[in-house]
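Scroll down for the structure; my scribbles are underneath it.
Please treat every number below as a calculation from the coordinates, not as lab data. Keep in mind it's a predicted model, so treat the numbers as computed, not measured.
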Amino acid sequence: MLRHFDAKAAKSLSPGQHIIISDYSGLRLTATATTRTWVYRYKSPIDNRMRQTAIGRWPAVSFPAAIVEWKKLKADRERVSIML
């Protein structure tokens, strides 16, 4: 788990590995053989199952841009929780 994003660590990820950014609950960078993708993992307020939403591919989507999108997705999830 990292507190801050490290591009060197991202480049060295093996397929199937991921980096969890501890300051941003649920935000992670996952790796395949050819890509690195920002993902938001969360527990659904509707059925309590783990869900994940792709935010975008790194480096096209930078760490700061991923945080902005993560904040929007998290706010949407929290709004749904309040309505239930």
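Partner lysines whose Cα lies under 20 Å from the Cα of K71, excluding those fewer than 8 positions away in the same chain, are identified as K43.
Comparing A66, A33, A54 in a Gaussian network model of the chain where C-alpha atoms under 10 Å apart are linked, the largest mean-square fluctuation is found at A33. How much of the DSSP bridge set in the chain is antiparallel, in percent, rounded to the nearest 5? For the chain, the DSSP antiparallel bridge percentage is about 95. Please find, in a Gaussian network model of the chain (springs between Cα atoms separated by less than 10 Å), the residue of R41, R51, R28 whose mean-square fluctuation is greatest. Sorting by GNM fluctuation, first place goes to R51.
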